[in-house]
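A quick write-up on the structure given underneath.
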Amino acid sequence: MKKELTANEQEEILSTLEKRFEKNSSRHKNMDWSAVEAKLKANPQKLWSLDEMERTEGEPDVIGYEEKTKEYLFADCSPESPKGRRSVCYDHEALEKRKEHKPANSAINMAAEMGIEILNEEQYRELQKLGKFDTKTSSWILTPPEIRKLGGAIFSDFRYNTVFVYHNGAESYYAARGFRGLLRV
């Protein structure tokens with residue numbers, strides 16, 4: 001799979017991101033689009049990843065800036081778990097364990113293919129401070145190794161004005177569960 005965009009595709013994703021950035025300024029107070037855009041243009045492979053996030057209906061947007069690393073943080077800000085990333089089990093090991101009714105992919109595999117990270121619990125909770133996400137769906141989140149070693153995986157959602165973290169067998173998958181990604185630029 002080619003992991004680069006044409007000049008036209010780059011302009012298209014930049015335009016989409018700029019419109020979303022301007023429309024949702026509360027997610028990134030005191031940030032300037034021109035600085036974000038310059039960083040993106042200097043890192044075209046990151047544009048490809050953002051385009052993949054957009055293609056799978058994640059609606060990526062800037063949610064922060066890490067002063068230490070000088071990186072902008074993009075996350076999926078679609079109201080519900082991205083449609084193009086649902087019905088997946090947690091990771092490759094879980095996918096291999098499924099004997100019947102295998103899903104097409106896993107959250108960890110898809111994130112790696114897209115060049116993004118899957119949100120961890122802390123990042124998911126921070127994202128929920130910027131809006132109400134996953135009020136009807138849920139999203140796999142990065143599972144601690146000690147839980148994964150026992151066959152489990154964790155996911156989160158937002159109900160009753162509260163972020164809930166649950167567990168499931170890693171090989172399970174549901175039409176209303178996907179995953180949210182993070183990209184550092």
Return the only residue of Ala170, Ala153, Ala104, Ala94 being open to solvent by 10 Å² or more (accessible area, probe 1.4 Å) and either of a type in the set (A, V, I, L, M) or more than 30 Å from Lys70 (Cβ to Cβ) (or both).
Ala104
Can you name every residue in the range 139-150 that is open to solvent by 10 Å² or more (accessible area, probe 1.4 Å) and closer than 21 Å to Ile63 by Cβ?
Leu142
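Can you pull out the residues in the range 26-68 that are without any contact (Cβ under 8 Å) to a residue 60 or more places away in the chain and exposed (fewer than 12 other Cβ atoms within 10 Å of the Cβ)? Steps first, answer last, please.
At the first step, the residues of the range 26-68 found to be without any contact (Cβ under 8 Å) to a residue 60 or more places away in the chain are 28-35, 37-38, 41-42, 44, 47, 51, 54-57, 59, 61-62, 65, 67-68.
Selection gives Lys29, Asn30, Asp32, Ser34, Ala35, Ala38, Ala42, Glu67, Lys68.
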Could you list, in sequence order, the residues of the range 156-167 that are touching a Ser or Thr at 6+ places or on another chain (Cβ under 9 Å), surrounded by fewer than 20 Cβ atoms within 10 Å (Cβ to Cβ) and either at positive phi or in contact (Cβ under 8 Å) with a residue 12 or more places away in the chain (or both)?
Arg159, Val163, Val165, Tyr166, His167
For residues that are touching a helix residue (DSSP H, G or I) at 6+ places or on another chain (Cβ under 6 Å) and not in a helix (DSSP H, G or I), tally how many sit in the range 31-61.
4
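The values are calculated or read from the model by the stated rules, or taken from the named source; none is laboratory data. Note that the structure is a prediction, hence the values are computed from the model and not measured. Reconstructed Cβ throughout: ideal geometry from the backbone, glycine too, with neighbour counts over all protein chains shown. For accessibility, only protein heavy atoms count, side chains too; no ligands or nucleic acids. Shrake-Rupley method; radii C 1.70, N 1.55, O 1.52, S 1.80 Å.
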